[in-house]
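Single-structure report; data block below.
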Amino acid sequence: MSSQSSSSDSISNGPVAETVSDSSALIGWATRNAATNTGVKYGTNRPNLSQTAQGTDGSDGKNHHAKLEGLSPNTRYYFQITENGQPVGGVGTFRTTAAGEQPVQSKAIIPQK
């Protein structure tokens, strides 16, 4: 068994910004195997994702969510999933809504396996 982790292979679906408002976003993703200590690094500067949000794990340990709060309205954010503090997968992006606008739901479909 190899001790080398292929971190980009651990995410089976997502991540996607499921709900985005003027001050928060709910990020969802799924992992191939049960994962713990998950989270999201995020910020407005793609090379420097300086903020973090702790992930919550679903009952099966494979579906995860993190709520990003205190965001600025009408602003582009970048985010990346972490497992045990290490980045996994690619960098996603979303834009918060304008101040006072209704939250928007992602159109992405996450197939259930």
Residue by residue through segment 56-71, what is 3J(HN,Hα) from phi via Karplus (6.51 cos²θ - 1.76 cosθ + 1.60, θ = phi - 60°)? Round to whole Hz and write x for glycine and proline. 10, 9, x, 4, 8, x, 10, 10, 9, 9, 9, 9, 9, 10, x, 7
Once phi is turned into ³J(HN,Hα) by the Karplus curve 6.51 cos²θ - 1.76 cosθ + 1.60 with θ = phi - 60°, what whole-Hz value does each residue of segment 97-104 show in order, with x for glycine and proline? 6, 5, 3, x, 6, 5, x, 10
Name the residues whose placed amide hydrogens come within less than 5 Å of the amide hydrogen of T75, ignoring near sequence neighbours (fewer than 5 apart) on the same chain. T96
Which value, in debye to the nearest 20, gives the size of the charge dipole of segment 7-95 about its Cα centre, when Lys and Arg are +1 and Asp and Glu are -1 at the Cβ? 240 debye
The relative contact order of the chain, taking Cα pairs under 8 Å that sit 6 or more residues apart, comes to a percentage of 31 percent
With θ taken as phi - 60° and the coefficients 6.51, -1.76 and 1.60, list the Karplus ³J(HN,Hα) couplings across segment 32-39 in order, rounded to whole Hz; mark glycine and proline as x. 5, 10, 4, 10, 10, 6, 9, x
From the convex hull of the Cα coordinates of segment 7-95, what is the mean projected area in square nanometres? 5.0 nm²
The distance between the Cα centres of segment 77-94 and segment 29-67, in whole Å, is 7 Å
Charge tally for neighbours of P73 with beta carbon under 12 Å away, counting Lys, Arg as +1 and Asp, Glu as -1, is 0
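Every number here is computed from the coordinates shown, using simple stated rules; none is lab data. This one's a predicted model, so the numbers in the text were calculated from it and none came from an experiment. For neighbour counting, all protein chains shown are included, and Cβ atoms are generated from backbone atoms with ideal geometry for every residue, glycine included.
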